[in-house]
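Scroll down for the structure; my scribbles are underneath it.
Read the figures in this text as sums done on the coordinates, not as results from a lab. Only a predicted model underlies this, so the values are computations on that prediction, with no experimental measurement involved. Cβ atoms come from the backbone with ideal geometry, glycine included; neighbour counts cover every protein chain shown.
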Amino acid sequence: MNNWQAFDLHEGNSPLLISMPHSGTCLTAEVAQGMTPAAKALPDTDWHIPELYKLAPSLGASIVSANYSRYVIDLNRPENNAALYTSKTTGLFPEILFTDEPLFQVGKTPSADHRETCKQQVWQPYHHAITQQLERIKQQHGYAILLDAHSISGQVPMLFSGDLPHFNWGANAGNSCAESILQVAQNSVNEGMYTQVSNGRFKGGYITRHYGQPQQGVHAIQLELSQDTYLQDSYKQDGNYVLSPEKLDTVTLVLNKLLKGLIAWCP
């Protein structure tokens, strides 16, 4: 994308803003030419997130969704690349995959100049959009709710052991949103069908931690959704990240209940 369109924006009229920082698949030429064959499949993408939330605009939610891959720059990391986690993970400019394999061929890591340009053309515009939307929503409603929407493979040994619960809520250990918002999120899940955990391995990344300031009227919560809930079962073997229509129909019932609950919440 030569014009550096960092994100797509939909403005709604409700108190809810949805951020989708890892759903993008676009690459810059410098990143693309240096990637390993394994990386070119973009395995760590939050696949199909816009499709999962396709009813959000009709419910009144605003949406900011990234166009560039997290392999170009990770929008859920601080601009100064300060560490968010004590365990192994990836940074602002990832150099490994979640399999712990190299992302770039030897000697083909993007230059410092390229990375600085990515900060200016991708990271900063995306976060400026979030800031502007939260301010607009607060002016209209007196408060704002930010849902940071993610997904990840159900098994990532580098990041966690065993199988990930289906719904992983992150509220910065209770500091980024009102407790009643976390309860709305938890109550949206049919526990007879899905497992869930709050503030487990995924407590919320930079977006949740930075923007979630309940005392200032901005509540932020992250959902890390296991891709086992909506992709065809073969995705872990063949790398084809194809939606399962049956799974999609079921999980979107939960997500739509979540969105309606968050929009109906008021302090």
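The stretch 141-266: D in µm²/s via Stokes-Einstein (Kirkwood Rh, Cα pairs, 25 °C, 0.890 mPa s)?
163
With 32 Å as the limit, write out which pairs from Lys108/Lys247; Lys119/Lys257; Lys54/Lys119; Lys236/Lys257 have Cα-Cα distances beyond it, or answer none.
Lys108/Lys247; Lys119/Lys257
Output the antiparallel fraction of DSSP beta bridges having both residues in the stretch 1-127, as a percent to the nearest 5.
Just about 55 percent of them are antiparallel.
Once every Cα of the stretch 90-162 carries one equal point scatterer and solvent is ignored, give the base-10 log of I(q)/I(0) from the Debye formula at q = 0.13, 0.25, 0.27 Å⁻¹, two decimals.
Each listed q maps to, in turn, -0.66, -1.11, -1.18.
If you plug each phi of the stretch 212-217 into the Karplus form 6.51 cos²θ - 1.76 cosθ + 1.60 with θ = phi - 60°, what whole-Hz ³J(HN,Hα) values come out, in order, with x for Gly and Pro?
Listing the rounded values in order: x, 10, x, 5, 9, x Hz.
Mind listing P(r) for the chain? All alpha-carbon pairs, 5 Å bins, whole percents.
Distribution as computed: 1, 6, 13, 18, 20, 18, 13, 7, 3, 1, 0 percent.
Using modelled amide H (1.01 Å from N, peptide plane; none on Pro or chain starts), what sits under 5 Å from the amide H of Asn81, excluding residues fewer than 5 places away?
Answer set, sorted by chain and number: none.
Go ahead and estimate [θ] at 222 nm for the chain from helices alone: -39,500 (n - 2.57) per DSSP H run with n ≥ 4, summed, over the residue count, rounded to 500.
Values: 9 runs with 78 residues, N = 267.
For the chain, the value works out to -8000 deg cm²/dmol.
So, in Å, what gap is there between the alpha-carbon centers of the stretch 1-31 and the stretch 197-228?
19
Ranked by Cβ crowding within 10 angstrom, fewest neighbours first, how are Met35, Met193 ordered?
Met193, Met35
Report the label-to-label distance for Lys119 and Cys266 in nanometres (one decimal), using points 7 Å from each Cα along the Cα→Cβ vector.
In this crude label model, Lys119 to Cys266 measures out at 4.3 nm.
Please go through the stretch 82-141 and write out the GluC sites (Glu not before Pro) that DSSP classes as loop and that have at most 13 other C-beta atoms within 10 Å.
Within the stretch 82-141, the qualifying GluC sites (Glu not before Pro) (loop, at most 13 other Cβ atoms within 10 Å) are Glu95.
Label points 7 Å out from Cα along the Cβ direction at Leu55 and Leu253: separation in nm?
Here the modelled spin labels are 1.1 nm apart.
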